[in-house]
Each structure stands twice: as structure tokens, then as C-alpha cells.
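Single-structure report; data block below.
The values are calculated or read from the model by the stated rules, or taken from the named source; none is laboratory data. Nothing here was measured: the structure is a model prediction, and the numbers come from that model. Here the Cβ is made from the backbone with ideal geometry for all residues, glycine too, and neighbour counts use every protein chain on show. What goes into the accessible areas is simple: the full protein's heavy atoms, side chains included, and nothing from ligands, DNA or RNA. Shrake-Rupley method; radii C 1.70, N 1.55, O 1.52, S 1.80 Å.
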Amino acid sequence: MRLWNKIFSRVTLVSLAILIQLVWLFVIVYYLSADYMIIGLIFSFFSLCAAIAIVNRPGNPWVKLAWIVPIMTFPLLGGLLYFLSGGTKPERSLRRALEESQKRLAPLNVGSADADSLPDSRIAGQCRYLGSRGFPLYGNTDAAYYADVRAGWERLLDDLRGAEKFIFMEYFIIHPGVMWDAVVEILTEKAAAGVDVRVMYDDFGSITSVPRKYNSQLEEKGIRCVAFNRYKPVYSVVMNHRDHRKITVVDGHVGWTGGANMADEYIKETVRFGDWKDNLVRMEGEGVRGLTLLFLQMWDAVLPGGASGDGNGAFMPDPVKAAAVRCPGYVLPYGDSPMDDEILAENVYLNIINQASEYVWIASPYVIVDYEMTRALCLAVRRGVDVRLVAPAIPDKKVVYRLTESHFPELLDNGVKVYTYTPGFVHSKCFLCDDRLAVIGTVNTDYRSLTLHFENACLFVDHPVLSSVRADFEDTFAVSALVSDRPRKAPLIRKFWMGILRLLAPLF
């Protein structure tokens, strides 16, 4: 019965429909080109135009190469597929809606701290860069870091129970079970009590865990709910653009983010790939405004027309409560999206690596680093920086893990210390640098996160929470294996396969 359900699941049927379209397109193009030379020349011209467009557009050379090689290899079909896919940007309607949403909420996007007042010019420059992209700096924001997601989840439930005005939740994956069911129970009670409760989840991320009309089921409970970017049986690379964010905001005063989705493996109720390691961070105070705006901007974009209803700042932090929070250091919540040519999340990571003077410690489940990040890590080591990278020992996706392993030799040869988390799978996405900076959020070090997904993270500057992040890294190193004697030579067939995967990785 389980096999039957998988065969006729929505993901199988929709994927099959898309595959049929691609096969049909290939057959039509092939036969038309074989019978009509002029048509073959037209398709070849399309491919040439696509290659020229790719070369001339700004962006990562690795990504350009990943498109140009298949276009030149399959000149009849490659260019057509590129133009049909629309490159890497989301569909035009969503881009416009996001731009309008950001403009509408721009008057509320005001920080409480000045980057120019920071004593370290390098850190000030990082904050100025994010500020120039619409993400201001905040002071007076308390934070608690949870290396144990279950402990964080229990605190999150308490925050939800205490909600008086509104609850906003945005997650890539929601999976009914102990973790999510407890949340839904509270959300239902709060909605019945008049609290404005809103949930947004990614349709593809949750496609195997909830039914197609799950949003309607939550609506029946009084919870306003939207499924982001429906997975439809129509070929389009727009399906690649997923909402990978993890955000909870309660009354505009308490905010949560981190790597953890709403599924039982994160609180160790179920075991998948050994011990599942992740994190959560709870914020309270002025910086929660940044997370609130990220949620509202996306909500307005998916439901255009000012659907958030926050024209006068009703969902922003209460000034009295915010003023009561006194905490040293700074917080800068930010988001990244594929709607522009700015690889913002990767730029933040690169700035941290390039400016490090003592150490950079990184945790990421998918280490599929491009040329720029590889060189930055290697050059940091040559400057005398202690560069450490933690990856899983037990993979969740074997092909992706092989890609991750393929990057180890170059990193090891240049002195980067690579650790594998022996107990299982690392899902944390975290950077820590010089006891001065930390990034905690949803951004992996792979092309999909850095270019295709909607992501969010928080930059912490000289904040007390950094000591908890460091302690978590030290505990992780203690139970991880330092990669040093991994065999460097692989069979020729495997090398060839890995080469293909690395070449086409940006298209996955």
C-alpha cells in the first residue's frame, strides 16, 4: 500500500507530467529539425543567442558555464530550454509583487543603530553593505541560542501561548507530528481567541508531508494560510525558486529563526540519518522588526494588494516593550531572494571570510562551494586564519554528499580543517568569526541556497549570544572526525561522474 501511495503521490504525478512535456518537446524539435533544415538553423540560432545572453549577463562564471555547456552540447534544444526557463529569476508577477510590497512597507523599515558608529571599520562596512540593500542595523535586542532544537521548541510553544495580537510563521517544511501538531493546537486556540494567526509554507518543501489543500485545512481552524509557489504539472524553472526561510514572530516583540523546520527529526522524535543537529535563535527587542518585515513583504507578495494590513506599523515592535530591552551588541536580520542579480547571502559570507583575522568556523549540511568561496577559504588560511568547516558524516542525499566530498581535497590541500559530524547529520547553517561576528539562519553554502531560494539569516555583531555559538562549535568539534587521510584517488568513472555533477550543480 505504501508503494502504491508513492507511485500515485502528487510529487510523482506532477514530476511525470513535467518529464512527459520535456520528452515531447525533445521529440518535436528533433523531428522538425531532421525534416526541415531551416527549423534546425532557427533552433541553433536560439542556442547561439542564449549563449551570448548568458556570457553578457552579470553573475557567477560557474553558473554561466553550467548553462553554456549543455546548450552547446545540445544546440537544437539547449537554447530553447534556457529561454523557456527564464534564466534564474522568479516569474515576472512575483517579482513585481515583491517590489511593490517592499516599497509599500519601506517607511517601516527603519533601524535603531548606525553602522557608521561601529568602531571596527570592516564590520561597519559589512553592516553598511546590508543597509544599502534594505536591511538596517538594530541595537537593544536580546538573543538566546539553542543548540538543542527541542529545548528551543518548548520555549517557542511558551511564546505562542503568550501571544496577544498576532503570530506569523513561515517555513520551508511543515510535517504533521509531535512538533507541528503541538504548534497547530496552540495556533487554533489563539485564532479562536481573536489573535491574527498566519502561516506560510513552501509547497514543494512540504509536498511529501501534507496534502495539496492543507492550507484549506488550516483555514478551517481559523489560521490564515498560504502555500508558496505551488508545484504544478507545467514545465518551468520557476519551480526551482523555493521559500527556504524559517521565521516565527509573536506580537512583533519576539522572533525566532535558525535552521530548523517544523518536523519531528529536528526535536529527535524520529531518527533520520543518525543524530540530526540543528539550531534555533530567539530574539526579543528592536531587531524583531527585521524578521517581521521579511514575513510581511513575502505575505503581501503572495497575496498582493497590501494583504498584510500593516499600513501604520501595527505589527512593529511595541515601543514601550522594545525600550525595556537592554542588551549590548547589535543584530541585523536580512533576507536574500532570486529576484535580482545580487548574491547577497554569499556576499555576506565572503565578506566575513575575507575580513577574518583569527578564525572562521562554518557549519553547513551542503558544502558545494563555488570558485569564489573556495579561494576565499584557502586565502584565509594563508593569512594565518583558523578555518574550520563542519559537514555531515551521514548524508541525507547521497549524490549531494558526493558533491560535498569532491570539494574536500582542494580545501584540505590548502589547510582548511574539514570535520564530519560523526553522530549523524548537520543541518545547521552557521558562521562564527573572531568572537565578533556570527551568522545564524537558513543559508547553506550551495548554489541552490545562495542563488535560487528565498532565504533569511541574522548577523550578530559583538553580541553576548556569540559565546553560546562558540560553545556549540567546540562541542561539535569534540564529537566530529577531522578529515585528514581521506583517499584522494577515485576510479575514473567516478571522477567523470563527479565532474559532470560539479559542472551541472548550479542547474540542480
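Using C-alpha pairs below 8 Å separated by at least 6 residues, the relative contact order for region 238-384 is 19 percent. Which residue, Gly309, Pro338, Pro61, has the largest displacement toward the positive end of the dipole of the chain when charges sit on each Cβ (Lys, Arg +1; Asp, Glu -1)? Result: Pro61, furthest along the dipole toward the positive end.
In this rough spin-label picture, where each label sits 7 Å from Cα along the Cβ direction, the Asp386-Ala323 distance is 4.4 nm. Taken about its Cα centre, region 235-363 carries a charge dipole of roughly 300 debye when the Cβ of each Lys and Arg holds +1 and the Cβ of each Asp and Glu holds -1. Tally up the carbon and sulfur contribution to the accessible surface of the chain as a whole percent, 1.4 Å probe, everything protein left in place. About 59 percent, which is the carbon plus sulfur part of the accessible surface. Relative contact order of the chain, taken over Cα pairs closer than 8 Å and 6 or more residues apart, is 17 percent. Calculate for the chain the 222 nm mean residue ellipticity that helices alone would give, adding -39,500 (n - 2.57) per DSSP H run of length 4 or more and normalising by residue count, nearest 500 deg cm²/dmol. Rounded to the nearest 500, the figure is -13500 deg cm²/dmol. Around the Cα centre of the chain, unit charges on the Cβ atoms of Lys, Arg, Asp and Glu (plus for the first two, minus for the last two) sum to a dipole of about 1600 debye. Amide hydrogen proximity for Ala260: with H placed 1.01 Å from N in the peptide plane, the residues at 5 or more positions away or on another chain lying under 5 Å are Asn279.
Annotation for Ala307 and Phe45: the two label points, set 7 Å from Cα along the Cα-Cβ direction, are 4.2 nm apart.
Over the C-alpha atoms of region 381-478, the Rg to Rh ratio, Rh being the Kirkwood estimate, stands at 0.96. Ordering Pro328, Val465, Leu389 by the projection of their Cα atoms onto the charge dipole of the chain, which places +1 on the Cβ of Lys and Arg and -1 on the Cβ of Asp and Glu, puts Leu389 at the extreme positive end. Exposed loop sites were defined as GluC sites (Glu not before Pro) in DSSP loop states (anything but H, G, I, E or B) carrying at most 15 other C-beta atoms within 10 Å; in the chain the longest segment without such a site runs 359-508.
Taking a quarter of the surface of the Cα convex hull of region 284-343 gives a mean projected area of 5.3 nm². Within the chain, the selection of entire DSSP H helices by a Cα span of 30 Å or greater along the long axis and an average Kyte-Doolittle value of at least 1.6 returns 10-35.
Compactness of region 258-400 is given as radius of gyration and Dmax, 19.2, 53 Å, from Cα positions. Beta bridges per DSSP, both residues in the chain: antiparallel share near 60 percent. Sorting 92-98, 250-256, 465-471 by average packing, meaning the other beta carbons within 10 Å per residue, from highest down gives 250-256, 465-471, 92-98. Remark on the chain: hydrodynamic radius 24.0 angstrom, per the Kirkwood mean of 1/r across alpha carbon pairs. Taken per residue, the accessible surface of region 298-407 reaches 37 Å², heavy atoms only and a 1.4 Å probe. Magnitude of the charge dipole for region 307-462, about its Cα centre and with charges confined to Cβ atoms of Lys, Arg (+1) and Asp, Glu (-1), is about 480 debye.
Net charge in the neighbourhood of Trp361 (other residues with Cβ under 15 Å of its Cβ; Lys, Arg +1, Asp, Glu -1) is -1. Rolling a 1.4 Å probe across the protein heavy atoms gives region 161-284 an accessible surface of 35 Å² per residue.
Once the dipole of the chain is set up with Lys and Arg at +1 and Asp and Glu at -1 on Cβ about the Cα centre, which of His253, Pro75, Pro176 lies farthest towards its positive end? Final value for the positive-end residue is Pro75. Rg and Dmax of region 90-242, both derived from C-alpha coordinates alone, stand at 18.9, 54 Å. Other residues within the sphere of radius under 13 Å centred on the Cβ of Val178, judged by their own Cβ, net out at -4 (K and R +1, D and E -1).
Taking a sphere under 9 Å around the Cβ of Phe168 and counting the other residues whose Cβ falls inside, with K and R at +1 and D and E at -1, yields a net charge of -1. Globularity index of region 164-224 is 1.06 (Cα radius of gyration / 2.2 N^0.38 Å, N = number of residues).
The alpha-carbon atoms of region 131-186 define a convex hull whose volume equals 146 cubic angstrom per residue.
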